[in-house]
1. With +1 assigned to the C-beta of every Lys and Arg and -1 to the C-beta of every Asp and Glu, and no other charges, what is the dipole magnitude of the chain about the Cα centre in debye, to the nearest 20?
2. Per DSSP H run of at least 4 residues, take -39500 (n - 2.57); add these up for the chain, divide by its residues and hand me the 222 nm value, nearest 500 deg cm²/dmol.
3. Taking the Cα centre of the stretch 97-212 as the origin and placing charges on Cβ (Lys, Arg +1; Asp, Glu -1), which of 170, 156, 185 is farthest toward the positive end of the dipole?
4. Going by the alpha-carbon gyration tensor, a ≥ b ≥ c the square roots of its eigenvalues, is the chain rounded (a/c under 1.5) or, if a/c is not under 1.5, prolate (a/b greater than b/c) versus oblate?
5. Work through the residues other than residue 241 whose Cβ is under 10 Å from its Cβ and net out their charges, Lys, Arg +1 and Asp, Glu -1.
6. If Lys and Arg each add +1 and Asp and Glu each add -1, what is the summed charge of the other residues whose beta carbon sits under 9 Å from the beta carbon of residue 285?
7. Count the net charge of all other residues whose Cβ sits under 9 Å from the Cβ of residue 400, scoring Lys and Arg as +1 and Asp and Glu as -1.
8. Cα centroids of the stretch 147-205 and the stretch 254-319: how far apart, whole angstrom?
Amino acid sequence: LLRSLRSKTAHIQLGRLCYSSSSVPTTKLFIDGKFVDSNTSEWLDIHNPATNEVTSVLSRQQVFLRYQQIIKDNIKELAKVITLEQGKTLADAEGDVYRGLQVVEHACSITSLMLGETLPSITKDMDTYTYRLPIGVCAGIAPFNFPAMIPLWMFPMGMVCGNTYLMKPSERVPGCTMLLAKMIQDAGAPDGTLNIIHGQHAAVNFICEHPAIKAISFVGSNQAGEYIYEKGSKNGKRVQSNMGAKNHGVVMPDANKENTLNQLVGAAFGAAGQRCMALSTAIFVGESREWLPELVQRSKSLRVNAGDQPGADVGPLISPDARNRVESLIQSGVDEGAKLLLDGRNVKVKGYENGNFVGPTILSNVTPDMTCYKEEIFGPVLVVLEADNLDEAISLINNNQYGNGTAIFTTNGATARKYTHEVDVGQIGVNVPIPVPLPMFSFTGSRGSFRGDTNFYGKQGIQFYTQIKTVTSQWKAEDATVTTPAVTMPT
Ligand code: NAD
């Protein structure tokens, strides 16, 4: 694979920030007193015949124990690169690194996570046990919105299980992944265990087609995710594909008003709405609709500015195209009959007149047939629907194509219980606006937000990056030797 990376991906655009270059040593020729490179295109891989292994689980654990410390020591440096390339505020960028760091910390418990299972005495003198083993070369394809967290969902989990990894960061934010690569090299990961390529279609097709790659982790839009899931699966690879979202926050009239409105504003407009778990849709149930003017007031108070400016709450969108798209979806809402309670278009940011800024925007009176409801906006736009009761709210959500995340705000335990049992969404917050599970659990988006059958990180992440070998062994005493062939199926 590494050799073909050098030749076949020569046409793929390389990132600007190149901190590390991994290389596989090749055996040179010795001619006329000089060591010279061969011109051959055929190479034989050399393994240690004693083990056929590259690393042990204990040495991998040591690498990740060092890696988590290096990341911790460099959170601010990583955050600066994120803000420079992605635009989010520095405080939010530190959160991006921190949530990825938690996955690396979790990876350090690999000695427990990789344990197999044992069942002794399945029948007389017979025991069955399993080994959990790596699957080979794995690959990750990441989106632009979490330049640290999402690559860190991918290659640390893949590598700590004993696989080598090929990472393709988003072409829009390559810098953070390059820094993370330098750091894992400093932590002692052997050359060739993490490899990085850049680009878009050509790099993605290379990953989906190369026979050495056994598994692909993808996070991004449905358009790319469905393509990669289909192409990768067709080529015999495991694929886990986390995709788009339309996350609903249900506001019950009995909710703690202060708490709820602040959480809703933070979760709708934080990171300029460019989070797959942003609460981009609110359903106000019954009398809670009277809180709308206050919601608008609080949203207006957020400061729109460049991410590295002190006090900035909402940074720019990733590109002029993204801003145009978001603005046209706002206009579609107006044209289709929604009420524009707060308009963030044409926001002016002093000193950053050419930036891709859109301020907090709220559309109310939205109905499920409107484009602004059907499409993922991925910007600082909250669309507001109303429902007369909880059943109506649940039905709206269950009829939406996506199933990534949702939240309910209530002080009633029975209401919360009914909601968590009946809503068909993979990740649910009760008075928690962005319920991204910590890495001892898994990220469990569902329906239109996910393809595959094994989720990211947690126990499911370990499953995704490993395969099981099951051994059934029998050690009989001498006097119990089988004396005639058994031709029936053993039971
Ligand atoms: P994107 O799909 O444009 O890009 C993701 C990756 O796919 C990139 O590496 C890109 O190079 C590649 N890619 C893009 N278009 C491609 C194509 N046509 N063919 C092949 N490869 C292609 O996504 P994005 O704009 O970077 O990220 C935003 C999207 O990601 C949103 O939809 C958001 O909801 C989603 N997202 C989902 C999660 C989740 O866990 N469910 C998390 C973060 C982001």
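1. Dipole of the chain, to the nearest 20 debye: 960 debye.
2. -10500 deg cm²/dmol
3. Of the candidates, 170 comes out farthest on the positive side.
4. oblate
5. -1
6. -3
7. Once positives and negatives cancel, what remains is +3.
8. 33 Å
Coordinate-derived values only; no laboratory data. Everything numeric here is computed off the predicted structure, so don't read it as measured data. Methodologically, a virtual Cβ is constructed for each residue, glycine included, from the backbone with ideal geometry; neighbour enumeration extends over all protein chains shown.
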